[in-house]
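Asks: Here you go, one structure.
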């Protein structure tokens, strides 16, 4: 009887864990189809990145990525695009943002990485996932995961084709 259990238990574990991988893939595909067909509810902010001014020529802008793929960009100073712009990212990129929020443990980060130096610009990121929201202010010396998340969001922004909507430079103004 013991020999039967020693053989059956590892076989059971093998079957159970191999099923998890296909479940994860199915969940990812299901999530992706939900993103692309989502039109009945109001779009929600998924992530944003904002660069604040300094006493010098620091870029000043904010980009907001919505869960339906919409992107709003507002450039204020020392950036190529000044004004309000809109764009669209793919469902795969939306899913990738969600994955990076989890991968970088964004909700486990501190809310503030301060510095006593007043001239330092801040990088303010926000994320909302599964009903949980968080804002992180990076003034100096953040952990590598936060730096990687900031770089990731800037990379998505650089890849996005943006169309000018207006000359307004107010961050929280709705798109027209």
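Asks: Is the stretch 135-151 home to any residue that is surrounded by 13 or more Cβ atoms within 10 Å (Cβ to Cβ) and within 9 Å of the chain's Cα centre (by Cα)?
Replies: yes
Asks: Sticking with this one: Return the residues of the stretch 55-73 that are touching a strand residue (DSSP E or B) at 6+ places or on another chain (Cβ under 9 Å) and either under 22 Å from residue 119 (Cα atoms) or not assigned by TED's automatic domain parsing to the domain that holds residue 135 (or both); say none if nothing qualifies.
Replies: Matches in the stretch 55-73: 57, 58, 59, 60, 61, 62.
Asks: Condition first: at pLDDT 95 or above and surrounded by 15 or more Cβ atoms within 10 Å (Cβ to Cβ). Now tell me which residues in the stretch 108-120 satisfy that.
Replies: Answer for the stretch 108-120, where residues must be at pLDDT 95 or above and surrounded by 15 or more Cβ atoms within 10 Å (Cβ to Cβ): 109, 113.
Asks: Hey, another quick one. Tell me, which strands (runs of 3 or more DSSP E) wholly within the stretch 71-176 include 3 or more residues that are farther than 25 Å from residue 57 by Cα and touching a residue at least 12 places away in the same chain (Cβ under 8 Å)?
Replies: It comes to 123-129.
The values are calculated or read from the model by the stated rules, or taken from the named source; none is laboratory data. What you see is a predicted model; the values in this text were computed from it and never measured. Ideal geometry is used to build each Cβ from the backbone, glycine not excepted, and the neighbour counts take in all protein chains shown.
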